[in-house]
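The values are calculated or read from the model by the stated rules, or taken from the named source; none is laboratory data. Just so you know, these numbers come straight off a predicted model, no measurement behind them. Cβ atoms come from the backbone with ideal geometry, glycine included; neighbour counts cover every protein chain shown.
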Amino acid sequence: MKRFIAFCALGVAAGTAAASELSFDARISEARRHMRTACQAVQKLPKASAAESPALEQAAAAGGAAAVDLWAEVVKEFSSVVPAGYAGEPGWVQRLEDVRLDLVRMQKEIAARQWRLAFLSCAHACNWLTMMHEANGVTLAIDTMVTLRKKVGFLKGLLASSAAERARPLVKDVLAARDGVLLAPPPDGPSREAYLAALPELSRAVDAVAEATRAGGDLKVPVTALAAVVERVYELAI
């Protein structure tokens, strides 16, 4: 009887750990969606018209507040119960706190209409999440898309600057980031099928940039087209 009770207890513990892990990853995805809403709004606000600004400010404030509230729940629930997939994280509590501090800072900067600073705080919080997954060997579609998005954005920025000649050697990094996306498991949820359906188009867009590089052609057109596809797939990955 004692063995049976012990066995049941182990089963309950294992089930609780698995449920916590699923719950944690689900919370991360939800927090990222709120962060995305805030990030996109504050990124647009500096150049927004007077007619556009009120709706964007409302979206930024709502997204920031929702992310802060959700992350406060994450910290409360998971500071002392580390999900199984993250058991190797030596600074787990500090990692959660670092994200919380960036989100709180973002919320304050949104309230003060410091759009550039708010965007940086939001991006920094996203970086913490990516680093947390990398440190624990957790691979998510959104993390690989964040990497690809950064590299394509940097490439696009170079092409629009006086340092355009530096762009061609970096295309190999875009190719490697694309491979990372293709190897990552697709996201769970309603966008899964659309995400999978968009991957061939994403891959072809990267190939077009690589082909233009090999041919010595103008990279601006294929990189601009790639950036548009990346944004769409990035939305589906969250």
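At-a-glance table
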read-out: In the stretch 172-183, the residues that are of a type outside the set (Gly, Ala, Ser) and either buried (at least 19 other Cβ atoms within 10 Å of the Cβ) or in contact with a strand residue (DSSP E or B) (Cβ under 6 Å, 6 or more places away or on another chain) (or both); value: Val174, Arg178, Val181
read-out: Which numbered condition Glu165 misses (of (1) closer than 29 Å to Val138 by Cβ; (2) among the acidic types (Asp, Glu); (3) exposed (fewer than 13 other Cβ atoms within 10 Å of the Cβ)); value: (1)
read-out: Pair list, Cβ under 8 Å, 6 or more apart: the stretch 75-90 residue surrounded by 14 or more Cβ atoms within 10 Å (Cβ to Cβ), other residue aromatic (Phe, Trp, Tyr) and assigned to a loop (DSSP other than H, G, I, E, B); value: none
read-out: Residue check for Glu57: at pLDDT 90 or above, surrounded by fewer than 15 Cβ atoms within 10 Å (Cβ to Cβ) and not polar (S, T, N, Q); value: no
read-out: Where Ser162 falls short, out of the listed (1) free of Cβ contacts under 8 Å to residues at least 12 places away in the same chain; (2) among the hydroxyl-bearing types (Ser, Thr, Tyr); (3) in contact with a helix residue (DSSP H, G or I) (Cβ under 8 Å, 6 or more places away or on another chain); value: (3)
read-out: Test: residue in the stretch 167-185 that is out of contact with any Asp or Glu (no Cβ under 8 Å at 6 or more places or on another chain), at positive phi, in contact (Cβ under 8 Å) with a residue 40 or more places away in the chain and not assigned by TED's automatic domain parsing to the domain that holds Ile28; value: no
read-out: Selection within the stretch 184-202 - buried (at least 16 other Cβ atoms within 10 Å of the Cβ) and more than 16 Å from the chain's Cα centre (by Cα); value: Ala198, Leu199, Leu202
read-out: Qualifying helices (runs of 4 or more DSSP H) (wholly inside the stretch 68-180; at least 1 residues being among the polar types (S, T, N, Q), within 18 Å of the chain's Cα centre (by Cα) and closer than 26 Å to Leu236 by Cβ); value: 115-135, 141-159
read-out: Answer residue from the stretch 100-132, given it is under 26 Å from Ala184 (Cβ atoms) and aromatic (Phe, Trp, Tyr) and is surrounded by the most Cβ atoms within 10 Å (Cβ to Cβ) among those; value: Phe119
read-out: Residues of the stretch 199-225 classified as among the charged types (D, E, K, R) and either in contact (Cβ under 8 Å) with a residue 12 or more places away in the chain or not in a helix (DSSP H, G or I) (or both), total; value: 3
